[in-house]
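None of the figures in this text is laboratory data; all of them are computed from the coordinates on show. The structure presented is a predicted model; accordingly, all values stated were derived computationally and were not measured. With ideal geometry, Cβ positions are generated from the backbone for all residues, glycine too; neighbour counts draw on all protein chains shown.
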Amino acid sequence: MDIPDYVPGHGLLADRIVVVTAAAGAGIGYAVAKKAVEEGATVVISDVHERRLAEAADLLAELAGIRPVTVVCDVRDEDQVQALLDVALAEHGRIDVMVNNAGLGGDTPLVEMTDEEWDRVLDVTLTGSMRCTRASMRIMGVQGHGVIVNNASVLGWRAQAGQSHYAAAKAGVMALTRCAAIEGVESGVRINCVAPSFATHPFLARTSSEELLVELAAGEAYGRGAEPWEVANVVVFLASDYSSYMTGEVVSVSSQRA
């Protein structure tokens, strides 16, 4: 099926301060930041790659007319996570939405997987999401409001060879989201997550073979992966008031066959 037309903004995040991790490059993170700007938000973007982060900020500046605040941040480092949020607060006075997009994958059979590879994927994908969720909940709890959107994966539910570390991490992100959401209710903080099947972008080729990507596309009802902006649309919905009754939910962004 052909890719649908890009959906324009409708002001769903007007006047919101939105922080997005792993927002450099051409993947879901940048698509979320771009969509947030189009929906009226002011964004703060972070990534571990300084050059690509600057390039993303330049593109967003062309769109918004103002260059977003950027913070180099490795979510494996608690001090860097805290620094990211401190900068967002110092610049804008509050954080309305936190989108925890940072993640790391791979394609290694379990019997060949080293402890180091397992630990690296879990530290970025699961523990990194925890660090960012924990830090933003502390701030939003004082504010009395806020929304957190985590990025999980359908592999948190489904089996795929070579993905034990990534699937375990993403299942953990789902569980983290559900439990943290219950804790956030009394302080007015909503926490949900998206679970894409897979989104088509250049960085996939670094962690997945061409054969695997073809196989994954064939398993989708539409015969293709999602465009990153199609996932970003759902993130924006969860970040907006349109999802005001939703917390602790995992929303699949997928057309996978049963």
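Points to keep in mind about this one:
- Most mobile of Ala83, Ala161, Ala218 in a GNM of the chain (Cα contacts under 10 Å): Ala161
- Label-reachable residues, region 70-111, where backbone N falls under 18 Å from a point 7 Å from Asp241's Cα toward its Cβ: 95-98
- Alpha-carbon gyration tensor eigenvalues x 5, square-rooted, for region 73-162, Å: 30, 14, 8
- Residues whose amide H lies under 5 Å from that of Gly162, counting only those 5 or more places away or on a different chain, are Leu110; hydrogens are built 1.01 Å from N in the peptide plane.
- Each residue, Asp77 and Ala54, gets one label point 7 Å from its Cα in the Cβ direction; the gap between the two is 1.8 nm.
- Computed about the Cα centre, the dipole magnitude for the chain is approximately 520 debye when only Lys and Arg (+1) and Asp and Glu (-1) carry charge, each at its Cβ.
- Since only Ser46, Asn150, Ala57 are under comparison, the one whose Cα sits farthest along the positive direction of the charge dipole of the chain, derived from C-beta charges on Lys, Arg, Asp and Glu, is Asn150.
- Listed from fewest to most Cβ neighbours within 10 Å, the set Leu212, Leu12 follows the order Leu212, Leu12.
- Extent along the principal axes, Cα only, for the chain: 47, 40, 38 Å, with the longest axis given first.
- Footprinting exposure proxy for Ile95, Ile139, Ile191 (fewest neighbouring C-beta atoms within 10 Å first): Ile139, Ile95, Ile191
- DSSP beta bridges in the chain [antiparallel fraction, %, rounded to 5]: 5 percent
- Mean ellipticity per residue at 222 nm, deg cm²/dmol - from DSSP H runs of n ≥ 4 across the chain, formula -39500 (n - 2.57): -13500 deg cm²/dmol
- The packing ranking, built from the mean of other Cβ atoms within 10 Å per residue, places the peptides 103-114, 172-183 in the order 172-183, 103-114, highest first.
- Fewest-first ranking of Ser255, Ser136, using other Cβ atoms within 10 Å as the exposure measure: Ser255, Ser136
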